[in-house]
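Chemist: What follows is a structure written as structure tokens; I'll ask about it next.
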Amino acid sequence: MIMPITFQGCAFGYRRNRPVLHDLTFTFPTGRTVFLGVNGAGKSTVLSLAATVLRPAAGHVRHGALRTDRRADLRTYRRQVAWLPQQVSPVPGLTVREQVAYAGWLKGMRQGDARRQAPRALAQVEMEEFADHRTTQLSGGQLRRVAIAQALVHDAEVLLLDEPTAGLDLRQRRVFQDVLHQLPPHVHAIVSTHDVADVETDFEQVVVLDAGEVLFTGPVAGFLDHAPAGTPAARRAEEAFHALTAPEPACAS
Ligand SMILES: Nc1ncnc2c1ncn2[C@@H]1O[C@H](COP(=O)(O)OP(=O)(O)OP(=O)(O)O)[C@@H](O)[C@H]1O
């Protein structure tokens, strides 16, 4: 059975009196979910809370019965939930293979298992030929592919991917799409992106966040229905997003 990620009464702000989330209670759909929102809507904050990189000031996040506010649950929770941050850093001194294995070890894998699984994760993102390169020598796009491999290495049940295709060339975007489509049925992916072009082909579910609140959650078809009638097929996702997030026109007084 696939366990969703649930936010229960979550509040969070980076600065006092500047809350990003007030009281977020919400369950992410399972399957392949695209997570949309304008700049500053709070997507990275939500993913970081779900990844336990940030801690809510109130409330908790759940994966099945595992709760982020219960110390005893954290280790298992973190093993089951993978995170690709928006900013990816190379670890100085490590090769690509070592950095991926290290990520697995940090997630609780045995060292030997992490070493054995790293080449498989690198193959998924077509980075095998770089396995012995230092991560500090990679281009931004190559480093992002290594980071995707880091998220894949420990066979998590939930992948939280924050703008995974930013900086990837067209071929590598295709490789990422293949990774998404080949995920086992018990794995679900929440993918934050500003790129709505492939929503219909790559995703099953859509979540739209605005100012820390969920404006829409549901299947892709229901999201596309928000586009104005007569919108050409190629523009429906973009227009649906605009229709959902456009500010209300100010009332004339
Ligand atoms: N480290 C930080 N310190 C202070 N404020 C922050 C920090 N990170 C984010 N914020 C603020 O929190 C709010 C939500 O930011 P967040 O990065 O979660 O949005 P986002 O939807 O991921 O945006 P983007 O699409 O631009 O990545 C914004 O107002 C942002 O300025």
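Chemist: For the chain, modelled as a GNM with alpha-carbon contacts under 10 angstrom, which of 242, 188, 154 fluctuates the most?
Modeler: Largest GNM mean-square fluctuation: 242.
Chemist: Along the positive direction of the dipole of region 119-252 (beta-carbon charges: Lys, Arg +1; Asp, Glu -1; about the Cα centre), which of 221, 181, 205 reaches farthest?
Modeler: 181
Chemist: Here's another thing I want to ask about it. Using the Kirkwood radius over C-alpha pairs as Rh, can you work out the diffusion coefficient of the chain via Stokes-Einstein at 37 °C, viscosity 0.692 mPa s, in µm² per second?
Modeler: For these conditions, the coefficient is 173 µm²/s.
Chemist: Something else now. Going through region 9-63, which trypsin sites (Lys or Arg not before Pro) have at most 11 other Cβ atoms within 10 Å and a DSSP loop state?
Modeler: 16
Chemist: Would you mind telling me the antiparallel percentage of the DSSP bridges in the chain, rounded to 5?
Modeler: Around 55 percent antiparallel, to the nearest 5.
Chemist: Obtain the nm distance between the two label points defined at residue 86 and residue 106 by a simple spin-label model: each point lies 7 Å from its Cα along the Cα-to-C-beta direction.
Modeler: The answer from the label model is 1.8 nm.
Chemist: Sticking with this one: Run the simple label-point estimate for residue 120 and residue 174 please: 7 Å along Cα→C-beta, distance reported in nm.
Modeler: 2.6 nm
Chemist: Let me ask you something else. HN-Hα J couplings of region 125-131 from phi, Karplus 6.51/-1.76/1.60, θ = phi - 60°, integer Hz, Gly and Pro as x?
Modeler: 10, 6, 10, 4, 5, 9, 3
Chemist: Give me the angle, in degrees from 0 to 90, between the Cα long axis of helix 140-152 and the longest principal axis of the Cα atoms of the chain, rounded to the nearest 10.
Modeler: Helix 140-152 sits roughly 80 degrees off the main axis of the chain.
Chemist: Can you tell me which of 146, 220, 96 moves the most in a GNM of the chain? Springs connect C-alpha atoms under 10 Å apart.
Modeler: Highest fluctuation among the options: 220.
Chemist: Quick check: net charge around residue 83, other residues with Cβ under 10 Å of its Cβ, Lys/Arg +1 and Asp/Glu -1?
Modeler: With Lys, Arg at +1 and Asp, Glu at -1, the neighbours total +1.
Chemist: If you fit an axis through the alpha-carbon atoms of helix 71-80 and take the longest principal axis of the Cα set of the chain, what angle between them do you get, 0 to 90°, nearest 10?
Modeler: 80 degrees
Chemist: Here's something else I'd like to know. Could you tell me how far the Cα centroid of region 180-205 sits from the Cα centroid of region 143-173, in Å?
Modeler: 12 Å
Chemist: What residue among 243, 211, 151 shows peak mean-square fluctuation when the chain is described by a Gaussian network model with Cα springs under 10 Å?
Modeler: Answer for the Gaussian network model of the chain: 243.
Chemist: Projecting each Cα onto the charge dipole of region 5-237 (Lys/Arg +1, Asp/Glu -1 at the beta carbon, about the Cα centre), which of 63, 108, 141 comes out farthest on the positive side?
Modeler: 108
Chemist: Just from its helices, what would the mean residue ellipticity at 222 nm be for the chain, if runs of 4 or more DSSP H residues each count -39500 (n - 2.57) and the sum is divided by every residue, rounded to the nearest 500 deg cm²/dmol?
Modeler: Calculated at 222 nm, the ellipticity per residue is -10000 deg cm²/dmol.
Chemist: Further question: On C-alpha positions alone, give me the angle between the axis of helix 96-106 and the longest principal axis of the chain, in degrees, nearest 10.
Modeler: Tilt relative to the chain: about 70 degrees.
Chemist: Nothing charged except the Cβ atoms of Lys and Arg (+1) and of Asp and Glu (-1): what's the magnitude of the dipole of the chain about its Cα centre? Round to the nearest 20 debye.
Modeler: Dipole about the Cα centre, nearest 20: 1140 debye.
Chemist: Need the full-extension length gain, residue 129 to residue 225, defined as separation in residues times 0.36 nm minus the C-alpha distance. One decimal, nm.
Modeler: Length gained, residue 129 through residue 225: 30.2 nm.
Since every read-out is calculated from the coordinates, none of them should be taken as a lab result. Computed from a prediction, not measured in an experiment: that's the story for all the values here. Reconstructed Cβ throughout: ideal geometry from the backbone, glycine too, with neighbour counts over all protein chains shown.
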